[in-house]
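Comments concern the structure below.
The values are calculated or read from the model by the stated rules, or taken from the named source; none is laboratory data. This one's a predicted model, so the numbers in the text were calculated from it and none came from an experiment. As a convention, Cβ positions derive from the backbone with ideal geometry for all residues, glycine included, and neighbour counts pool all protein chains shown. To get the accessible areas, we keep the full protein, side chains included, count just its heavy atoms, and leave off ligands, DNA and RNA. Shrake-Rupley method; radii C 1.70, N 1.55, O 1.52, S 1.80 Å.
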Amino acid sequence: QVQLAESGGGLVQAGDSLRVSCAVSGRTASIGVVAWFRQAPGQEREFVGGIRWIDGVTRYAESMKGRFTISRVNTKNTMYLQMTSLKLEDTAVYSCAAKEEHSILPVSEDYNYWGQGTQVTVSS
């Protein structure tokens, strides 16, 4: 089993930056990919981006490129999502998810393990 725990969400103003974290524990040796998804009220869950755990290769949703950066520190078993120039429409619950296979896929059903999520609210 793999456990994921997000932290770092909060209330920020439009234009601010924020970094959220995902701590990974359990059978970390089995992890292939850890990804970020977000879900705004009344909307479907949306792929933000992911990172291949073994070599740090990343993939982003097209709409996230340029403002969002994913990184990880393997020795800390922690993944980060750095968000810049935040917009009102970035308001959502941000969740990290993991799977054992090594393809960074944008489909939430492909991920076996999920954290509880952290709320990010962007105000004007």
At R0 = 22 Å, how high is the FRET efficiency between A23 and S63 if r is their beta carbon distance? Nearest 0.05 is fine. 0.25
Find how much the distance from L88 to V73 grows on full extension, using 0.36 nm per residue of separation minus their present alpha carbon separation; answer in nm with one decimal. 2.5 nm
If Lys and Arg each add +1 and Asp and Glu each add -1, what is the summed charge of the other residues whose beta carbon sits under 15 Å from the beta carbon of G56? +3
Not counting the cut sites, what is the longest span of the chain without GluC sites (Glu not before Pro) that DSSP labels loop and that have at most 12 other Cβ atoms within 10 Å? 45-100
Would you mind getting me the FRET efficiency between S30 and S124? Use the beta-carbon distance for r and R0 = 41 Å, nearest 0.05. 0.45
Of the heavy-atom accessible surface of the chain (probe 1.4 angstrom), what whole percent is carbon and sulfur? 46 percent
Straight-line reach from K76: which lysines have a Cα under 21 Å away, not including same-chain ones fewer than 8 places off? K99
How many Å² of accessible area per residue for the chain, probe 1.4 Å? 50 Å²
Pairs of Cα atoms under 8 Å, at least six residues apart: use those to get the relative contact order of the chain, whole percent. 37 percent
Taking a straight Cα-to-Cα line shorter than 13 Å from K87, and setting aside same-chain aspartates and glutamates fewer than 8 residues away, one finds D16
Going by Cα centres, the range 77-124 and the range 1-20 are how many Å apart? 9 Å
Give me the three principal axis extents of the range 1-80 from the C-alpha atoms, as integers in angstrom, largest value leading. 37, 24, 24
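Compute the Kirkwood hydrodynamic radius of the range 41-102, taking the inverse of the mean of 1/r over all pairs of distinct Cα atoms, and give it in Å to one decimal.
12.9 Å is the Kirkwood radius here.
Please report, in debye to the nearest 20, how large the charge dipole of the chain is about its Cα centre when each Lys and Arg carries +1 at its beta carbon and each Asp and Glu carries -1 there. Before the final figure, lay out the partial values.
Working: 12 positive and 12 negative charges, 71 e Å.
Magnitude of the dipole: close to 340 debye.
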